[in-house]
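Undergrad: Structure below; questions to follow.
The values are calculated or read from the model by the stated rules, or taken from the named source; none is laboratory data. As the structure is a computational prediction, the values presented were derived from the model and not from experiment. Ideal geometry is used to build each Cβ from the backbone, glycine not excepted, and the neighbour counts take in all protein chains shown.
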Amino acid sequence: MQRPSEGLIYNYIRSAADKLRLRDWDIAYMVHEQPEAHKDPDQETYASVVPTYGTSADIRLSDSFFRLGATDQRRILIHELCHLHAHMFHHVAEQVEKALEESPEGKEMLRHILTEAEEHAVDQFARILAPSFPLPPWTGKNR
Ligand SMILES: [Zn+2]
């Protein structure tokens, strides 16, 4: 489908963020040909969120994101926003990684374990929360 207007995407993200108690976060988004991080269970890269500083973050969406169905787009956007509630874990991970400076294997294992645990928790929250949000208006679906 055609990529929706920037205003429509921004308003949807802002409104969902406000409902998720992320009112104090300054959230930008950008559409990337190839975003850096997030892989969904199908191993295709659709979206990622990067806390930039303080309570600012960028949500990065890939072009392929807009080819997903309405409920998947909604779940993924809610998922990315839920990550912001877990951002303190990254500070903890950085501290532990510093402590593991002499052990590259330990750092790698820690990063893997923490990422898996966070993804699982965040996705559970997103699956619980997403159905109580409207579908993204650019998908043309109401329910
Ligand atoms: Zn995630």
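Undergrad: Considering each residue of region 59-75, count those that are free of Cβ contacts under 8 Å to residues at least 60 places away in the same chain and over 16 Å from Leu22 (Cβ atoms), and give that number.
TA: 8
Every residue, every condition in (1) closer than 27 Å to Val31 by Cβ; (2) away from the ligand (no atom under 16 Å from the Cβ); (3) in contact with a Lys or Arg (Cβ under 7 Å, 6 or more places away or on another chain), yes or no:
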site: His79; (1), (2), (3): yes, no, no
site: Cys82; (1), (2), (3): yes, no, no
site: Met88; (1), (2), (3): no, no, no
site: Lys98; (1), (2), (3): no, yes, no
site: Glu102; (1), (2), (3): no, yes, no
site: Leu114; (1), (2), (3): no, no, no
site: Glu119; (1), (2), (3): yes, no, no
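Undergrad: In the set Glu118, Glu94, which member is part of a helix (DSSP H, G or I) and touching a residue at least 24 places away in the same chain (Cβ under 8 Å)?
TA: Being part of a helix (DSSP H, G or I) and touching a residue at least 24 places away in the same chain (Cβ under 8 Å) holds for just one of Glu118, Glu94, which is Glu118.
Undergrad: Identify all residues within region 26-56 that are in contact with a Leu (Cβ under 9 Å, 6 or more places away or on another chain) and modelled with pLDDT of 95 or more; write none if there are none.
TA: Residue satisfying the conditions is Ile27 alone.
Undergrad: Look at Ala126 and say whether it is surrounded by 11 or more Cβ atoms within 10 Å (Cβ to Cβ) and closer than 19 Å to Tyr10 by Cβ.
TA: No; evaluated as a whole, the condition is false for this residue.
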